[in-house]
Amino acid sequence: MSHQRHVSFLAWCALSPLLLQCLALNWSAPLTWPTWALVFCALFKLRECRRPFDRRLVALLQLVSTGLLAAQLQGLLASVLQLVAVLLALAGLLGHELAGSLGFRGFLQRSLQLLGAALPLALVLFLFVPRLPPLWTTELGPARGAVTGLSPDLDPLSIAELTLVDGSAARVLLPEVQPLPTDAYWRVLVHEQFDGRRWQHRDPHVPRGGSGRPQVGEGTSQWWVVEPSATRAVPWDGSALPTSPDQWITPEGELLVGAASRQRRSFRLRSPEKVAAWQQRPPIPSERQAPPDSLPRLKTLAQQFRGLPTGRERLEAVEGWFRRQPFRYSLQPGAVADLDAFLFDQQVGFCGHYASALAALLRAADVPARVVSGYQGGHVVQPMSGNPYLELRQSDAHAWVELWLEGEGWQRVDPTLWAANSGLPAAAMAAESAQRQGGNVPWWRWLQWQWWGLDLAWTRWWLSFDQSSQQAWLQMLFGVQLRWLGVAIVMGGMAALTAGWLLLHLGLRPRSPLSQSLRLLARWGVVPQQGESFPCVCRRAAKMHPDLATLLEAMADQQQLLAHAPLNPPQRRQHRRQWRQLRSRLAQLR
């Protein structure tokens, strides 16, 4: 493979990781289209490279594209692909600029050297330069493109058959002292508006600039990675506290994060020390609104409970009625006309049916209620790379009810547990757990778990160093003397530049045959003059040292062949070996 083919091969290889990452971009994000445009410009420009400037332009486009991708994709796989793209782009650029003085491996080694030299400065900037929140986020995509199994509109009566999807929805890593709960409820959306058939989610007001009150301090942390979804709200346990200004909890008890929902989001929460404020927020009128008159049998039943003095007694009476009925859990309930038909005729359904019916019945009994959708349970995964984590899948999507009880606040009730065979999903999970213990996990699933474990560790130790974490770290480092931060940045930057310079010039030997040959001749006092070629320098050295003329001439010939001849890899290795032997003999003789 000729030198030019080496360079072109490296440049083409750099495009592959860029294109792979582009496929994962969110089409509703504003940076997606410029990123695609830059990558395609690099691709087409690479096909038409004619001049040295063209190859430099291709390398620049590839590096800028990588920067844009890094701003949008921060997962472990994306970071690895970005590193590979930068490495190959630099190798291609160096291969062009060094004009064939290095082999394929030499280009990659020199690229790693450059990246290593830049690493100290990047580390100083990462640790000390104040972080900024996202400049903007958008939700321009189609609102119905849900991929997490949840939807802002809950309409179970229209679902004749519910298919379980096994895709991942989120992963959470809890403190080591806290066991992973496989029966917990992870709330996401609150549906408080009821039109007689559907429960609708009301988009909360998003404060401009976030909550502005990062809750940094003592306490253990939860680390979350949430897959893209159609909703801005993310799963949480309903009691943790935000740790960043771009996280906030709505009065209804939904957790929102600043990142666009159609990208994978990662965030950290702090374990609570007191009851969450949303649990004590009195019900609003929409949460008290009675069902419409189109449900006469439901309203007649509710009249039996309205006479009870307290909400707790009405709830117990409703539960007793549910348990006396032959309700049955099923993922294939068939079409249901309305809640009257479900409660009194068919009595077959899944969690959405039971939550919708109970919330409507409680409201008809003058008890404020609403439907909450999220995830229930989870699957404990023990990766080889660290602590176990809890994986939430789309098949764990669930719906339950929250009702307002005077003196107690909002309380969770899961009416699905009242059905006769509500344990169908639990049985499936138990069977899966038994399968895991028996070692029958598919290899691809095992690899996926291990990768997710590494990805969660990456999120915990690298991406979680956000604005609030940086403030806490600087506070610990400088205390009240934060005015010295600027001096620390300057001093750290100078130290990093010095370390990078040492890595480039002192720590590594020059690899170019030309530069090494010139260094050898310089020890003899022979330095190249302006406009003098390397063979001329060797001839001038031979006049000064006639006993070495033959070796000097041979070294010049080998260097010229390595620099300009169209050699294939075996030929290049052979000439480099001959050149090294000549250089070694010359060094020993002098």
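The values are calculated or read from the model by the stated rules, or taken from the named source; none is laboratory data. Remember, it's a predicted structure, so these values are computed and weren't measured experimentally. Glycine gets a Cβ as well: all are built from the backbone with ideal geometry, and neighbour counts include every protein chain shown. Ligands, DNA and RNA are excluded from the accessible area calculation, which covers all protein heavy atoms including side chains. Shrake-Rupley method; radii C 1.70, N 1.55, O 1.52, S 1.80 Å.
Just one of the listed residues (ALA369, ALA357) is out of contact with any strand residue (DSSP E or B) (no Cβ under 6 Å at 6 or more places or on another chain), closer than 27 Å to GLU313 by Cβ and not aromatic (Phe, Trp, Tyr), namely ALA357. Looking across the range 483-511, the residues that are open to solvent by 100 Å² or more (accessible area, probe 1.4 Å) and at pLDDT below 80 come down to ARG483, TRP484, TRP501, HIS505, LEU506, ARG509, ARG511. The conditions of being in contact with a helix residue (DSSP H, G or I) (Cβ under 8 Å, 6 or more places away or on another chain), over 21 Å from ALA341 (Cβ atoms) and touching a residue at least 12 places away in the same chain (Cβ under 8 Å) are met by ARG288. Pairs meeting the criteria (first residue in the range 39-63 and at negative phi, second residue open to solvent by 80 Å² or more (accessible area, probe 1.4 Å), beta carbons under 8 Å, at least 6 apart or on different chains) are LEU46/TRP12; ASP54/GLU48.
Checking each residue in the range 244-277 for being surrounded by 18 or more Cβ atoms within 10 Å (Cβ to Cβ), more than 21 Å from PRO30 (Cβ to Cβ) and modelled with pLDDT of 80 or more picks out GLN247, TRP248, ILE249, THR250, GLU252, GLY253, GLU254, LEU255, PHE267, ARG268, LEU269, ARG270. Scanning the range 362-390 for residues that are farther than 30 Å from PRO291 by Cα and small (Gly, Ala, Ser) gives GLY377, GLY378, SER385, GLY386.
Can you pull out every residue in the range 366-388 that is surrounded by fewer than 24 Cβ atoms within 10 Å (Cβ to Cβ) and in a loop (DSSP other than H, G, I, E, B)? Within the range 366-388, ASP366, PRO368, GLY377, GLN382, PRO383, MET384, SER385, GLY386, ASN387, PRO388 meet the criteria.
All but one of (1) in a strand (DSSP E or B); (2) modelled with pLDDT of 90 or more hold for LEU358; state the number of the condition that does not hold. The failed condition is (1).
Of all the numbered requirements in (1) open to solvent by 60 Å² or more (accessible area, probe 1.4 Å); (2) in contact (Cβ under 8 Å) with a residue 60 or more places away in the chain, PRO569 misses one, and that requirement is (1). Looking only at residues of the range 330-349 that are open to solvent by less than 10 Å² (accessible area, probe 1.4 Å) and in contact with a strand residue (DSSP E or B) (Cβ under 8 Å, 6 or more places away or on another chain), we find that the one that is modelled with the lowest pLDDT is VAL336. Could you say whether any residue in the range 572-585 is part of a loop (DSSP other than H, G, I, E, B) and surrounded by 15 or more Cβ atoms within 10 Å (Cβ to Cβ)? No, there is no match, as no residue in the range 572-585 is part of a loop (DSSP other than H, G, I, E, B) and surrounded by 15 or more Cβ atoms within 10 Å (Cβ to Cβ). Residues of the range 401-417 that are under 16 Å from ASP183 (Cα atoms) and not in a strand (DSSP E or B): ASP414, PRO415, THR416, LEU417.
Applying the condition of being open to solvent by 40 Å² or more (accessible area, probe 1.4 Å) and at pLDDT below 75 to the range 53-105 and asking which residue is farthest from GLY453 (Cα to Cα) yields ALA99.
The C-beta contact set for the range 435-463 (first residue at negative phi and open to solvent by 30 Å² or more (accessible area, probe 1.4 Å), second residue at pLDDT below 75 and part of a helix (DSSP H, G or I), distance under 8 angstrom, 6+ apart or interchain) comprises VAL441/GLN435. Of all residue pairs spaced 6 or more apart or on separate chains, none has beta-carbon atoms under 8 Å together with a first member in the range 518-547 that is at positive phi and part of a helix (DSSP H, G or I) and a second member that is loosely packed, with under 11 Cβ neighbours inside 10 Å and modelled with pLDDT of 85 or more. Residues of the range 292-313 that are closer than 20 Å to ARG198 by Cα and either touching a helix residue (DSSP H, G or I) at 6+ places or on another chain (Cβ under 6 Å) or without any contact (Cβ under 8 Å) to a residue 12 or more places away in the chain (or both): ASP293, LEU295, ARG297, LEU298, LYS299, ALA302. Every condition in (1) modelled with pLDDT of 85 or more; (2) surrounded by 17 or more Cβ atoms within 10 Å (Cβ to Cβ); (3) under 24 Å from LEU94 (Cβ atoms) is met by ALA542 except one, and the failing one is (3). Please work out if ARG324 is more than 44 Å from the chain's Cα centre (by Cα), open to solvent by 10 Å² or more (accessible area, probe 1.4 Å) and charged (D, E, K, R). Criteria met by ARG324.
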